[in-house]
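The numbers here are math on the coordinates, done by the rules we state, and not lab data. All values derive from a computational prediction rather than experimental measurement. Counting neighbours? That spans all protein chains shown, and the Cβs are built from the backbone with ideal geometry, glycine included.
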């Protein structure tokens, strides 16, 4: 899991590539740890040639809805994972409304919240 703390008025598209760089290696399987995801799902807001090319150069397959076609791309069936995780983070009231003035403090609470989510998912899976 990776996260990034940005201003509320920044576009998500500008933060996708730096966020992918923050993904830690996934360990557990024999061989070299994988550094990046194989596929990135995105809605129409991520549809640009520059972003698609940058993802392909990193070895990531972009599954991004086309901006100029009608609805029904099928990507909405997987989007619930992101929405569910944001909902879990917002259950921690300190993250729902930002009370901290310092960004490092808020990012520390965000990291703690992500760790709690991972712990609960792993504990529930066992």
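Tell me whether segment 76-126 comes out rounded, prolate or oblate; compute the Cα gyration tensor, take square roots of the eigenvalues as a ≥ b ≥ c, and use a/c under 1.5 as the rounded threshold. It comes out oblate by the Cα gyration axes.
With 0.36 nm allotted per residue and the present C-alpha distance subtracted, the residue 14-residue 119 stretch has 34.8 nm of extension available. Between residue 85 and residue 3, the modelled label-to-label distance comes to 1.1 nm, taking each label 7 Å out from Cα in the direction of the beta carbon.
If I stretch the segment between residue 96 and residue 39 completely, what's the gain in nm (0.36 nm per residue apart, minus their alpha carbon distance), one decimal?
Between residue 96 and residue 39, full extension yields 17.6 nm more.
With neighbour counts taken as other beta-carbon atoms within 10 Å, the residues 69, 124, 106 rank, fewest first, as 124, 69, 106. Once the Cα atoms are used to define both axes, helix 103-125 deviates from the longest principal axis of the chain by about 80 degrees.
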